[in-house]
Every structure is written in structure tokens, then in C-alpha cells.
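Notes follow once the structure below has been shown.
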């Protein structure tokens, strides 16, 4: 493994440095959209993306992190193929970090551009406004082999730090597209049936065993699937459960349904 001393360490000592200002701006959804970049503040995610052959644009680290995690950092630098990294102190890290405890390592990535495949099932997410739930759904989808995801304009930002934290490296491995005004959903309908989740007048999950190609829609935690999407839907499904509780968290529901699809 390469000696870290052979990789150029660029020390940043000011919070007003242009690179640090950019990291701070990446905390804003508007700038993430404009720049087509996002920030990951998680050593495990950075490590896993490197193992999967996915590298970052730039990486920032504290001396404390390197001292405590030298083998991990050497692996990340070696496999990423970068020729330099930015060395910052904990105070600068705290100045832009979205985490309660600044992690000491963060990397800037370009947004992946993986198109959905119309030959396989698609998961459509409608107004999932909690970043944690959105990230958990993405992670669960990957776990059960459902790689085609469409996110509508009412969902939380896929690249929000809370979303990426919950999704782990699924963000990089899924085919994620972003819909507006149901444009993609209407294209999907031409190629496969749309099945929306709904508590009333719905069938059980066993209907999923009867077909190979479909799009399943999950709606918001508080309002369910939008009316216009329900009107586009070919059928509806629900999870059978005890009468002791009215409904499940959307991320939990998605995981159960994904497992059902996986085990067909």
C-alpha cells in the first residue's frame, strides 16, 4: 500500500477558504442541484463506495481521523487513485458539518446518472418528505434487488445528508430518476401496470406473485398516495396486519413489500 507521505496533503487553515465555502454551500439543496455535487460525511459510506469502484471528486480529513483510522484512510486513498487530499482541523470541520459530531472525514461526489430500466420492476416514491424514511427505503430497495427508483418533486432531497446517511452506499448503486408532473410515471404506465399502496379497497400482497413487471407507488407518511396517481393506478395493495394498529411507517411498509417481492 502506498505511503501517505507520497500523496500530496493540501492543508487548509481558514474557514474562508474557497474549498470550505463550497462545502458549506453543499449543505443547501439549491446548490447541490446547481453543482450536481453532494457531500458525504461518513467513513463507512466512503469506504464502501471505494470497494465498489466508485470514487469521489475530492476528500477532506482531519489529522485526528488519520491517526485513529490510518489503515482505513490509506485504503481509501490508495484505491481512489487521487493524488491529493485536503487536511483540515476539527474547528473547520465543525464550521460546515451537518452532523452533531463532526466525523473528521468527508468526500465530495458528483451525482450518479443511472437511468431506470423498463424491463424490471420500478419503485415510485410520492411525497416521502422525511429524509430518514427516504434513505431507509432506498437502502431496503437495494437489499432486495429492486434497483429502479423514481422520486417525485415532492419527496425529500435524495442528496440531503440525512438521506444519504440512512441510504448508505445505495445512492450510488441504484438507478434513480426524478419525476415532475407525473411525466415519468405516465411513461411507466405505457410499459407496466401501476400498483399503489392504499389501506382501503386493496388486495393483499399475494397479488405480486402473479406478475413479473410492475411499478409500486408509495405515498407520503401523512396523506398516502396522491389522488391523481391513484387515478393512474391499475390496482392497489395493502399489508395485512393486526387491528391493534392503524398503519405502519412508510419505510417499514416498503421493506415488508420489498421482501415479499424478493421471495416470490
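Things to note:
- As a calculated quantity, the FRET efficiency between residue 33 and residue 240 at R0 = 45 Å, using C-beta atoms, amounts to about 0.65.
- Computed [θ] at 222 nm, helices only, for the chain once each DSSP H run of length n ≥ 4 contributes -39500 (n - 2.57): -10500 deg cm²/dmol
- Sequence-separation-based contact order of the range 191-246, relative, with Cα cut under 8 Å and 6+ spacing, percent: 53
- Between the range 159-214 and the range 30-90, the Cα center-to-center distance that results, in Å: 30
- Anisotropy class of the range 122-262 from Cα gyration tensor, a/c 1.5 cut: rounded
- 19 Å cut-off, amide nitrogen to a point 7 angstrom out along residue 119 Cα→Cβ, residues in the range 135-153: 145-149
- Antiparallel DSSP beta bridges within the chain, percent to nearest 5: 25
- Rounded FRET efficiency, nearest 0.05, which uses the C-beta distance separating residue 111 from residue 19 and R0 of 30 Å: 0.95
- Modelled this way, with points 7 Å down the Cα-to-C-beta line, the labels at residue 9 and residue 263 are 5.1 nm from one another.
- Cα shape, the range 182-264, gyration tensor, a/c 1.5 rule: oblate
- Taken over the chain, the convex hull of the Cα atoms encloses 143 Å³ per residue.
- Computed extension gain for residue 89 through residue 190, at 0.36 nm per residue and net of the alpha carbon distance, reaches 31.0 nm.
- The range 1-120 shape via C-alpha gyration tensor axes, a/c threshold 1.5: oblate
- Mean Cα-pair separation over length for the range 122-262, i.e. relative contact order, pairs under 8 Å, 6 or more apart, %: 30
Read the figures in this text as sums done on the coordinates, not as results from a lab. The shown structure was predicted, so the numbers you read here are calculated from the model rather than taken from an experiment. No Cβ is skipped: glycine too gets one built from the backbone with ideal geometry, and neighbour counts run over all protein chains shown.
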